[in-house]
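What follows is a set of notes on a single structure, which appears directly below.
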Amino acid sequence: MPVYGTPQAGSNTANPGKNLSAVCVGDTYVLFDGTETPEVGLASVAMARATQGSGDNGTTFYASGVPSDCQVGIQGANEDIDSHYLTLTVIDGADGEVGAYTDVGRAPFYRAILVTFGGGSPSAMPRVTVER
């Protein structure tokens, strides 16, 4: 699965790392698919909150397979610039391997980030999806 800044297909040929998927109402998108190599600070591919259906009930993030020694941050930004992302919440594996968060703030861009990872063996990467 691509991580933040990885070039993707799209119309921006000058900076293909800025090509993002727009998630509309009723869409589901994968941020981390669980195959990435876990390391603290690893940021998922970003997604854009589509303007279609702007009257929805927010954007919901689901994390599964979160190890007890791991924390996954959900971040939002007004611009897709790495340093502009702010952590909105943290899903903590110590609270269980499954967690969810709904953001009603309507940030234009979102991503997930690995806040902590204890490096237990075997190292397991969580899966994070977003749904509108």
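Counting neighbouring beta carbons within 10 Å and listing from fewest to most, the residues T129, T37 come out as T37, T129.
Based on the Cβ-Cβ distance of D56 and S123, what FRET efficiency does E = 1/(1 + (r/R0)^6) give at R0 = 30 Å, to the nearest 0.05? Don't skip to the end; give the middle numbers.
Details: r = 35 Å, r/R0 = 1.18.
E between D56 and S123, to the nearest 0.05, is 0.25.
Counting other beta carbons within 10 Å of each Cβ, put E79, E97 in order, fewest first. List each step's numbers first, then the result.
Values: E79 9, E97 16.
The fewest-first ordering by Cβ neighbours comes to E79, E97.
A straight chain from S21 to V3 at 0.36 nm per residue would run longer than the Cα-Cα distance by 5.2 nm.
Among R132, R106, R111, sorting on how many other beta-carbon atoms sit within 10 Å of each Cβ, with the fewest leading, yields R106, R132, R111.
Only the coordinates and a few stated rules stand behind these numbers; no lab work does. Because the structure is a prediction, the values reported are computed rather than measured. We place every Cβ from the backbone using ideal geometry, glycine too, and count neighbours over all the protein chains shown.
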